[in-house]
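Worksheet for the structure shown next.
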Amino acid sequence: MENGRTTLSTSGNLTPMLPSLTRDPEQLDGKLLFAIPKKGRLYEPSVALLQSCDLKYRRKHRLDVAGCLTLNVAFVFLPAADIPLYVSQGRVDLGITGQDVVAEAQVDVDEVLRLDFGKCRLCVQVPTASECQKAEDLAGKRVITSFPNLTRQFFKTKCPNGDAATVHFVSGSVEVACCLGLGEGIVDLVESGDTMRAAGLHAIDEILKSEAVLIANKNSQHQDLVKVISSRVEGAIIAKRYVMVEYNLRREDLPKAIQVAPGKRSPTLAPLDDPDWVAVKVMVPNHDLGNILDSLKAVGALDIVVYNLSNTRP
């Protein structure tokens, strides 16, 4: 019942219990509860996202709860793999976690937004010297993973008329399973692939692509606040993808410039003292900023200035 563990109730249902988070439980009453990964690869990007959304908090040492300073929200810091269960059961209203753990948990939650970080792939991997070169070759063999539900579903689909792989669960360090003789293959997350290659493995199939997501309980009593937070988060994601570009241009060249940089919706125009000229302000995707600036210069844009965005509203 303690430390965020799931306990078996007398009815036989798995009931998630919030851990002993604070010496003052009343500080959670009436607040939207927002679950944040407490450690791992999603922790730092999640905290940075909260800051960019003006969701500031003070977290006391050794406590896994923090009150928001700007909204009626309390942040609960939990293992990422547990967050889908807490959200689905309504123990918390919102959460940030990976699509992979949501799929593995097999729970019913709303995927509100994809957050554009924590991107990875869940892959079937074998030793580079293995004779198994496709997933079907692992039929009847041992596969080690931290994602047993997704792995069993995958191999049932891959081997509908034969013996599916025997799936064994381990909670971590999956990449060492083959070299220790625990199995002939593994299913694990791949980001850059460095860990996979260092372990002498290579991917032979892909189960799913994953990234961090904002998920919500469908029956939350704080739907208005869920919408406010979702709008802030979406604005922060857009701000990461765009920059603001301002420039001056002859009016006669405006159609060509708009073709180069049409903006998220359309450019903002302002007159200059010279009636033949116009000031233009436009949002530009930052992944292609250099080429866009070169093209604007080529069609006559002058005095080009670029601003970073800290947040927006969609």
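The values are calculated or read from the model by the stated rules, or taken from the named source; none is laboratory data. Note that the structure is a prediction, hence the values are computed from the model and not measured. With ideal geometry, Cβ positions are generated from the backbone for all residues, glycine too; neighbour counts draw on all protein chains shown.
General remarks:
- Check on K209, part of a loop (DSSP other than H, G, I, E, B), basic (K, R) and under 29 Å from the mean Cα position of the chain (by Cα): no
- Qualifying residue in the range 188-207 (condition: of a type in the set (A, V, I, L, M, F, W, C), touching a strand residue (DSSP E or B) at 6+ places or on another chain (Cβ under 6 Å) and free of Cβ contacts under 8 Å to residues at least 40 places away in the same chain): no
- Filtered residue count, the range 274-311, keeping only those that are more than 29 Å from S52 (Cβ to Cβ) and in contact (Cβ under 8 Å) with a residue 60 or more places away in the chain: 0
- Checked across the range 132-143, the condition of being buried (at least 18 other Cβ atoms within 10 Å of the Cβ), among the hydrophobic types (A, V, I, L, M, F, W, C) and within 26 Å of D116 (Cα to Cα) holds for no residue.
- Residues that are within 22 Å of T312 (Cα to Cα) and either aliphatic (A, V, I, L, M) or at pLDDT 95 or above (or both), drawn from the range 269-289: L269, A270, A279, V280, K281, V282, M283, V284, L289
- Near pairs, Cβ below 6 angstrom, 6+ apart or cross-chain, from the range 157-177 (closer than 11 Å to S146 by Cβ) to any residue that is surrounded by fewer than 13 Cβ atoms within 10 Å (Cβ to Cβ) and modelled with pLDDT under 85: none
- Check on V305, surrounded by fewer than 11 Cβ atoms within 10 Å (Cβ to Cβ) and at pLDDT 95 or above: yes
- Single residue of the range 104-113 satisfying the filter (of a type outside the set (V, I, T) and within 13 Å of the chain's Cα centre (by Cα)) that is surrounded by the most Cβ atoms within 10 Å (Cβ to Cβ): L113
- For the range 46-64, the count of residues that are within 17 Å of the chain's Cα centre (by Cα), at positive phi, surrounded by fewer than 21 Cβ atoms within 10 Å (Cβ to Cβ) and not hydrophobic (A, V, I, L, M, F, W, C) is zero.
- The numbered conditions (1) part of a loop (DSSP other than H, G, I, E, B); (2) farther than 18 Å from D188 by Cβ; (3) in contact with a Ser or Thr (Cβ under 9 Å, 6 or more places away or on another chain) are all true for I96 except (1).
- Test: residue in the range 276-298 that is closer than 30 Å to F75 by Cβ, loosely packed, with under 15 Cβ neighbours inside 10 Å and not acidic (D, E): no
- The single condition from (1) modelled with pLDDT under 95; (2) outside any helix (DSSP H, G or I) that Q27 fails is (2).
- Test result for K158, among the basic types (K, R) and more than 23 Å from the chain's Cα centre (by Cα): yes
- Residues of the range 99-128 classified as among the polar types (S, T, N, Q) and in a loop (DSSP other than H, G, I, E, B), total: 2
- Test result for G181, assigned to a loop (DSSP other than H, G, I, E, B), exposed (fewer than 13 other Cβ atoms within 10 Å of the Cβ), under 28 Å from the mean Cα position of the chain (by Cα) and outside the structural domain of T97 (by TED's automatic domain parsing): no
- Residue check, D205 in the same structural domain as C132 (by TED's automatic domain parsing) and surrounded by 15 or more Cβ atoms within 10 Å (Cβ to Cβ): yes
- Exactly one residue out of P262, P314, P271 is surrounded by fewer than 14 Cβ atoms within 10 Å (Cβ to Cβ) and in contact (Cβ under 8 Å) with a residue 24 or more places away in the chain, and it is P314.
- Scanning the range 61-84 for residues that are over 19 Å from L208 (Cβ atoms), in contact (Cβ under 8 Å) with a residue 24 or more places away in the chain and either assigned to a helix (DSSP H, G or I) or basic (K, R) (or both) gives a single hit, D82.
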